[in-house]
Amino acid sequence: MLRWYKMVENMKCYLRCVRSSHDDVFLPDKVPVFIGRTKELQITDRTCSRNQLQLTANYSKRYVLVKRLGANLSHIDGMDIPRKQSCQLKSNQTLYVVEMKFPHDIVFIGSDNERDVKPKSETAGNEPEKLRTFDDTNESSKCLSINQSKRTLLQRKLSEKGECKKSRLETKEDKSNNDDASDSPYAFDSPATGSNVSLSMSSSRFAMKGHWSQGLKASMTDPKSIIFQDNLIVVIKDKYPKARIHWLVLPLEEIAHAGQLKPNHVDLLKHMLKVAKSLAKDSNKKKKYTFRYGYHAVASMSQLHMHVISQDFSSSSLKTKKHWNSFTTDYFVDAETYVIELRNNGKIEDRKAFTKFLKEPLRCHKCNASQKNMPTLKTHIEKCET
């Protein structure tokens, strides 16, 4: 037991830029550190927030807990980190600070399997080190900036030499907002607070169990959700329908998002649309509905899915402007458009800029009349005969 404590006591963790564009960042044990658009990380991209990520190292478990605070996406090995959610980053994984850019990893110094590893800042002047983020289950209420993290490391070195007097190191209070995840432009499909989605993707190299962004995987195997399935696709009921009829058509092949589609998937997209129209036609035998078939420009849920939605928009789950605009503006991309793009260009166009449509004023999808808020919009829709 004494040996284990000594190992942790002598251990250090660093965040290291894969491209060696800056010095390594020291991550103290169980002390959150902010990183983002700062000169220390050499990041000037405006899509990256100043406090894009909060990193908390866990020395005993040798991982870093990564919490996304910024509005734009961050990734671990290509997997999205949901806003206000935390994910584990381990030594064999790569952290992309924002939009699959600025790759970093982490390294633990002083562990049994890395006895001889030295941070570059200690051995080669100002050369950068690798740093990694880890999961912290006992998150501190105090957080450090990168500069404060450097001072903490210096203080620790002096203390180890017996030259350090007890000096005060001021830490920043965590200034991250307490907004709901629904404030993110990518979160309009997220479950209600407190929902207990539980699954992990087989291709994921880190645990994301319980994250709402992974919830479709569970529904794809839930007999209560499935309304159709063949050897290529499955059609399920949307868990939070935005209209009287709202289905999701998903390929059984693991395709996280439209950006992973290749030319050989054209027939798959055609099949998804064909089945959707057939099911919609069957539903119209009982009551006449008008349907739209399409994809969100920036999908909030992992696993490619096409929406089949009736245009009545009569649902208690349709609550916000983002909900409404995600289905009634250009943010909702017609399914046929994806087929044409993939057939002609071999890939799907990047539509991240389309998030601007989520902020459009509320308008009736029938007559285009401007509406004050969601209650007045819903009342108007019921009476609109255009």
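The values are calculated or read from the model by the stated rules, or taken from the named source; none is laboratory data. In this text the structure is predicted, and so the values were computed from the model without any measurement. Every residue, glycine as well, gets a Cβ built from its backbone with ideal geometry; the counts of neighbours run over all protein chains shown. Calculation scope for accessible area: heavy atoms of the full protein, side chains included, ligands and nucleic acids excluded. Shrake-Rupley method; radii C 1.70, N 1.55, O 1.52, S 1.80 Å.
Which one of the conditions (1) farther than 21 Å from His257 by Cβ; (2) open to solvent by less than 10 Å² (accessible area, probe 1.4 Å) does Ser49 fail to meet, given that it meets all the rest?
(2)
Just for the range 31-53: of the residues that are of a type in the set (Lys, Arg) and at pLDDT below 90, which one is farthest from Lys84 (Cα to Cα)?
Residue satisfying both the conditions and the ranking: Lys39.
Go through Lys383, Lys359, Lys366 for me and flag whichever is modelled with pLDDT under 95 and in contact with a Pro (Cβ under 9 Å, 6 or more places away or on another chain).
Every option except Lys359 fails the conditions.
Go through the range 208-222 and give me each residue that's in a loop (DSSP other than H, G, I, E, B), at pLDDT below 80 and of a type outside the set (A, V, I, L, M, F, W, C).
Matches in the range 208-222: Lys209, Gly210, His211, Gly215.
If you scan the range 248-271, which residues turn out to be outside any helix (DSSP H, G or I) and hydrophobic (A, V, I, L, M, F, W, C)?
Leu248, Val249, Leu250, Leu252, Ile255, Ala256, Leu261
Determine whether Gly294 is surrounded by fewer than 16 Cβ atoms within 10 Å (Cβ to Cβ) and within 27 Å of the chain's Cα centre (by Cα).
Taking the combined requirement at face value, the residue does not satisfy it.
May I ask you to verify whether Ala276 is open to solvent by less than 20 Å² (accessible area, probe 1.4 Å) and touching a residue at least 60 places away in the same chain (Cβ under 8 Å)?
No; evaluated as a whole, the condition is false for this residue.
Any idea which of (1) over 24 Å from His257 (Cβ atoms); (2) in contact with a Cys (Cβ under 9 Å, 6 or more places away or on another chain); (3) open to solvent by 30 Å² or more (accessible area, probe 1.4 Å) is the one Ile381 doesn't satisfy?
So Ile381 meets the others, but not (3).
Among the residues of the range 229-244, which ones are under 17 Å from Lys274 (Cα atoms) and either outside any strand (DSSP E or B) or open to solvent by less than 10 Å² (accessible area, probe 1.4 Å) (or both)?
Asp230, Asn231, Leu232, Ile233, Val234, Val235, Ile236 - these are the residues of the range 229-244 that are under 17 Å from Lys274 (Cα atoms) and either outside any strand (DSSP E or B) or open to solvent by less than 10 Å² (accessible area, probe 1.4 Å) (or both).
Test Asn72 against the criterion of being at pLDDT 50 or above, touching a Phe, Trp or Tyr at 6+ places or on another chain (Cβ under 6 Å), assigned to a loop (DSSP other than H, G, I, E, B) and among the polar types (S, T, N, Q), and give yes or no.
no
Looking at the range 20-30, can you tell me whether even one residue there is farther than 23 Å from Val298 by Cα, out of contact with any His (no Cβ under 9 Å at 6 or more places or on another chain), small (Gly, Ala, Ser) and open to solvent by less than 10 Å² (accessible area, probe 1.4 Å)?
no
Check off (1) closer than 24 Å to Ala353 by Cα; (2) crowded, with 20+ Cβ neighbours inside 10 Å; (3) in contact (Cβ under 8 Å) with a residue 40 or more places away in the chain for Val66 and give me the number that stays unchecked.
Of the numbered conditions (1) closer than 24 Å to Ala353 by Cα; (2) crowded, with 20+ Cβ neighbours inside 10 Å; (3) in contact (Cβ under 8 Å) with a residue 40 or more places away in the chain, the odd one out for Val66 is (1).
With the requirement that a residue be surrounded by 14 or more Cβ atoms within 10 Å (Cβ to Cβ), more than 19 Å from the chain's Cα centre (by Cα) and among the hydrophobic types (A, V, I, L, M, F, W, C), what does the range 318-359 give you?
Passing the criteria: Leu318, Trp324, Phe327, Phe332, Val333, Ala335, Val339, Leu342, Ile348, Phe357.
Quick test of your reading of the structure: Val31 fulfils all but one of (1) more than 26 Å from Ala256 (Cα to Cα); (2) outside any loop (DSSP other than H, G, I, E, B). Name the failing condition by number.
(2)
Against the condition closer than 16 Å to Val298 by Cβ and free of Cβ contacts under 8 Å to residues at least 24 places away in the same chain, how does Lys356 come out, does it pass?
Against the criterion (closer than 16 Å to Val298 by Cβ and free of Cβ contacts under 8 Å to residues at least 24 places away in the same chain), Lys356 qualifies.
Among the hydroxyl-bearing types (Ser, Thr, Tyr), at pLDDT 90 or above, in a loop (DSSP other than H, G, I, E, B) and farther than 12 Å from Leu95 by Cα: does that describe Ser60?
In short, no.
Looking for whichever is surrounded by 15 or more Cβ atoms within 10 Å (Cβ to Cβ), over 22 Å from Ile348 (Cα atoms) and basic (Lys, Arg) here; the options are Lys217, Lys224, Lys281. Which one fits?
Residue meeting the stated conditions: Lys217.
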